[in-house]
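The values are calculated or read from the model by the stated rules, or taken from the named source; none is laboratory data. Keep in mind that this is a model prediction, so the values were computed, not measured. Cβ placement follows ideal geometry from the backbone for every residue including glycine, while neighbour counts extend to all protein chains displayed.
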């Protein structure tokens with residue numbers, strides 16, 4: 001988990017600096033570059049087979065830059081956030097309770113994330129963890 005700490009620290013800064021919660025809209029991401037050099041496309045899987053369940057816990061993933069990623073154009077300018085994709089994900093859930101925003105990091109997949117996202121059993125575990133965290137907060 002030592003390698004995860006810098007990713008987590010950057011995630012906190014990314015979300016604290018964001019103007020839109022839980023994530024920038026797709027439209028915004030298609031027009032502007034990310035406020036974090038580490039994070040690219042930040043999306044909810046509305047087209048997923050478990051869309052209803054994912055929506056209930058606001059389970060989302062953000063692409064994390066890998067060494068092989070090129071997130072700049074031929075002039076060296078950053079690509080718009082939506083175009084910044086990788087095969088590494090930080091999976092998180094989001095909710096608001098008593099005017100406080102909560103982000104819960106469910107999982108970090110540093111490689112082969114696309115295959116992991118297609119794993120229905122993994123998604124069920126992530127949903128269970130996200131729900132358990134949300135319920136633990138709202139029951140306080």
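Annotation note: of 75, 129, 121, the sole residue that is out of contact with any strand residue (DSSP E or B) (no Cβ under 6 Å at 6 or more places or on another chain) and modelled with pLDDT of 95 or more is 75.
When you scan the stretch 84-95, do you find a residue that is surrounded by 11 or more Cβ atoms within 10 Å (Cβ to Cβ), without any contact (Cβ under 8 Å) to a residue 60 or more places away in the chain, in contact with a strand residue (DSSP E or B) (Cβ under 6 Å, 6 or more places away or on another chain) and farther than 22 Å from residue 13 by Cβ, even just one?
Scanning the stretch 84-95, I find no residue that is surrounded by 11 or more Cβ atoms within 10 Å (Cβ to Cβ), without any contact (Cβ under 8 Å) to a residue 60 or more places away in the chain, in contact with a strand residue (DSSP E or B) (Cβ under 6 Å, 6 or more places away or on another chain) and farther than 22 Å from residue 13 by Cβ, so the answer is no.
If we scan the stretch 103-118, do we find a residue that is modelled with pLDDT under 95, within 19 Å of residue 8 (Cβ to Cβ) and surrounded by 21 or more Cβ atoms within 10 Å (Cβ to Cβ)? Checked against the condition, which is being modelled with pLDDT under 95, within 19 Å of residue 8 (Cβ to Cβ) and surrounded by 21 or more Cβ atoms within 10 Å (Cβ to Cβ), the stretch 103-118 yields at least one hit. Residue count for the stretch 85-104, restricted to those that are under 13 Å from the mean Cα position of the chain (by Cα) and outside any strand (DSSP E or B): 4. Taking the stretch 1-70 as the region of interest, the helices (runs of 4 or more DSSP H) fully inside it that hold 1 or more residues being in contact with a strand residue (DSSP E or B) (Cβ under 6 Å, 6 or more places away or on another chain), modelled with pLDDT under 95 and surrounded by 13 or more Cβ atoms within 10 Å (Cβ to Cβ) are 4-17.
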